[in-house]
1. What does the highest-first list of 40-48, 24-32, 76-84, 12-20 look like by mean Cβ count within 10 Å?
2. What ³J(HN,Hα) values, in whole Hz, does the Karplus curve 6.51 cos²θ - 1.76 cosθ + 1.60 give for segment 8-15 when θ = phi - 60°, with x put for Gly and Pro?
3. At 20 °C and 1.002 mPa s, grab the translational diffusion coefficient of the chain from Stokes-Einstein with a Kirkwood Rh over Cα pairs, rounded to a whole number in µm² per second.
4. Please sort 51-62, 86-97 by packing, taking for each peptide the average over its residues of neighbouring beta carbons within 10 angstrom, highest first.
Amino acid sequence: MRDNPDTMIVTFTTKTYPDIMMFGDIALTLLKMMGHSAKVPGAILAADVPVALGRLKTSIDTAKAAPSAPDDDEEEPAVSLAIRALPLIELLDAAVKADANVMWR
């Protein structure tokens, strides 16, 4: 049985940065933005991390530029995908600097 992305937690790890935990739906979206499948667990080899980071940043910039429709159903303000991606971007930056692999489970 596959976990429901709305309820699962995905943990990103690399040897040079604290682990990052995200809700599954956000993590899977960010993985797709990096050019990876939405399979958990998974990994990016150190040599491929700079490309994945570049794709993620480009996708986030594109998403920022697109107008968003207001959600009248929610009482609390929405947290943008760009804000949610910041911890993962920092982890990927650290992995690039240390030439380290990135894994998620």
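FYI, it's all coordinate maths here, none of it is from the lab. None of these values were measured; they are calculated from a predicted model. Counting neighbours? That spans all protein chains shown, and the Cβs are built from the backbone with ideal geometry, glycine included.
1. Sorting 40-48, 24-32, 76-84, 12-20 by mean packing, highest first, produces 24-32, 12-20, 40-48, 76-84.
2. Karplus-based 3J(HN,Hα) across segment 8-15 equals 7, 10, 10, 10, 9, 9, 8, 6 Hz.
3. Details: Rh = 14.4 Å.
It comes out at roughly 149 µm²/s.
4. 86-97, 51-62
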